[in-house]
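Undergrad: Before I ask anything, here is the structure I am working with.
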Amino acid sequence: MALIDLAHVAGRAPFRTLWTRAEARRLYDLPFADLMFEAQTVHRRNFDPNRVQMSKLLSIKTGGCAEDCGYCSQSARMPGEKMKASKLMEVERVLAEAQKAKDGGATRYCMGAAWRSPKDRDMDMVVAMVEGVKAMGMETCMTLGMLTPQQALTLKDAGLDYYNHNLDTSERYYSEIITTRTFADRLETLDNVRSAGMKVCAGGILGMGETIDDRVDMLVTLANMDEAPESVPVNMLIPIPGTKLENAEPIDALDFVRTIALARIMMPESHVRLAAGRTEMSDETQALCFLAGVNSIFVGETLLTADNPGEDHDGNLLRRLGIQPEELDSAS
Ligand code: SF4
């Protein structure tokens, strides 16, 4: 890990640790037990290892998206049969769903819309959703695509705690997966979110045909931000028929766990979330992910449009592992 003197950069801590790919790759390639030991050590230094933050995700506008993300069934540009586009959900329905999530133990409510970016005419409804969920005492998160600085400020003023905007993969591999926007566009929105004073949720998807160096590079980009994202979702690709990546080679489960461990070590204070793909994972793989430093999951039957293990299955797994839900005040 290189210690770089940034004292000359106004507004920054005098010394800041920046990761290099070589250093991160050295960790990734450690013998598995050594990597897990490092990750557990970092995890226990920063978190209660037996607590996991629970988020619930709702799709507030599904399908018909103008972007061409190769993994996504909501793209209007996917090669196969397209998903029907829905309208933006009514505020009352969103709030009713949020109440159910709260009653089920969720402490954070995430709302996602299949948009390239929100239109100004949609902002009033989106703001009402944030205000309503916030008034229930839950944390709020949204993922609406690219944001202008003004839209980010509007959401912040409404009480939005987190904005999700994933990097998906490395800068090098990005154009293989998405052509309708660039990696730099992604970073710009993350910058707008941070500048508005919101917390950042940003991670990626593994199993899209990327190399190990792509995975490492994505984590280096996230960890080297001025402030690392508070929340880092790591998804395992669910290949969806009709998408560009329908025949992608599945990622080896141990490689997936290695990437989680690396994220934990490089972003010690972030919540690392095991996001999409849990239905395809064995309980044992999920247990290894918790050991590697995962401390956040999505709960509920569906994740936007993908399957997610139901509450019964999750409850059973967490009970067998002795894991408790994290209380709100320590969650980030
Ligand atoms: S991932 Fe999001 S931006 Fe990309 S096609 Fe799907 S809904 Fe649109």
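The values are calculated or read from the model by the stated rules, or taken from the named source; none is laboratory data. Please read these numbers as outputs of a predicted model, since none were measured by experiment. Positions of Cβ are backbone-derived with ideal geometry, glycine not excepted, and every protein chain shown enters the neighbour counts. Just so you know, the surface numbers come from the protein's heavy atoms only, side chains and all, with ligands and any DNA or RNA stripped out. Shrake-Rupley method; radii C 1.70, N 1.55, O 1.52, S 1.80 Å.
Undergrad: Are there any pairs with C-beta distances below 7 angstrom linking a residue in region 139-153 that is under 12 Å from Lys199 (Cβ atoms) to a residue that is of a type in the set (D, E, K, R) and within 12 Å of the ligand (Cβ to nearest atom), with the two at least 6 apart or on different chains, and if so which?
TA: Here the result reads none, with nothing in region 139-153 linked to a residue that is of a type in the set (D, E, K, R) and within 12 Å of the ligand (Cβ to nearest atom).
Undergrad: Separate question: Output the residues belonging to region 207-233 that are in a loop (DSSP other than H, G, I, E, B) and open to solvent by 10 Å² or more (accessible area, probe 1.4 Å).
TA: Here is the first cut: in region 207-233, the residues in a loop (DSSP other than H, G, I, E, B) are 207-211, 224-230.
Gly209, Glu210, Thr211, Asn224, Met225, Asp226, Glu227, Ala228, Glu230, listed by residue number.
Undergrad: What are the pairs, 6+ residues apart or on separate chains, where a residue within region 219-244 that is closer than 20 Å to Tyr163 by Cβ has its Cβ under 6 Å from a residue that is among the charged types (D, E, K, R) and open to solvent by 30 Å² or more (accessible area, probe 1.4 Å)?
TA: Close Cβ pairs (under 6 Å, with a partner that is among the charged types (D, E, K, R) and open to solvent by 30 Å² or more (accessible area, probe 1.4 Å)) amount to Glu230/Lys199.
Undergrad: Which ones in region 43-86 are more than 20 Å from the chain's Cα centre (by Cα), of a type outside the set (Asp, Glu) and more than 16 Å from the ligand (Cβ to nearest atom)? Give the steps one after another, and end with the answer.
TA: Within region 43-86, the first condition is being more than 20 Å from the chain's Cα centre (by Cα), and the residues that meet it are 44-45, 48, 50, 64, 66, 76-86.
With of a type outside the set (Asp, Glu) added as a condition, the list becomes 44-45, 50, 64, 66, 76-80, 82-86.
Hits for region 43-86 are Arg44, Arg45, Asn50.
Undergrad: Scanning for something within 12 Å of the ligand (Cβ to nearest atom) and under 25 Å from Ile240 (Cβ atoms), does region 93-111 turn up at least one residue?
TA: There is no residue in region 93-111 that is within 12 Å of the ligand (Cβ to nearest atom) and under 25 Å from Ile240 (Cβ atoms).
Undergrad: Of the residues that sit in region 169-206 and are in a loop (DSSP other than H, G, I, E, B), more than 15 Å from the ligand (Cβ to nearest atom) and small (Gly, Ala, Ser), which one is surrounded by the most Cβ atoms within 10 Å (Cβ to Cβ)?
TA: Applying the filter and picking the extreme gives Ser170.
Undergrad: Please specify each residue of region 244-269 satisfying the condition of being surrounded by 22 or more Cβ atoms within 10 Å (Cβ to Cβ) and of a type in the set (S, T, N, Q).
TA: Thr259
Undergrad: Another question about this same structure. Yes or no: Val272 within 19 Å of Ala223 (Cα to Cα), assigned to a strand (DSSP E or B), of a type in the set (A, V, I, L, M, F, W, C) and open to solvent by less than 40 Å² (accessible area, probe 1.4 Å)?
TA: yes
Undergrad: Across region 114-135, what is the total count of residues that are part of a helix (DSSP H, G or I), crowded, with 22+ Cβ neighbours inside 10 Å and within 16 Å of the ligand (Cβ to nearest atom)? Explain how you work it out, then say what you get.
TA: Pass one, region 114-135, residues part of a helix (DSSP H, G or I): 120-135.
Still in the running and crowded, with 22+ Cβ neighbours inside 10 Å: 126, 129-130, 133.
If we keep only those that are within 16 Å of the ligand (Cβ to nearest atom) too, we end up with 126.
Adding up the residues that qualify gives 1.
Undergrad: Now a separate question. Checking Asn166 against (1) open to solvent by 10 Å² or more (accessible area, probe 1.4 Å); (2) at positive phi, which test does it fail?
TA: So the condition that Asn166 fails would be (2).
Undergrad: Right, another one. Across region 208-254, which residue is nearest to the chain's Cα centre (by Cα) among those that are among the acidic types (Asp, Glu) and within 20 Å of Leu274 (Cβ to Cβ)?
TA: Looking at the filtered set, the residue picked out is Glu230.
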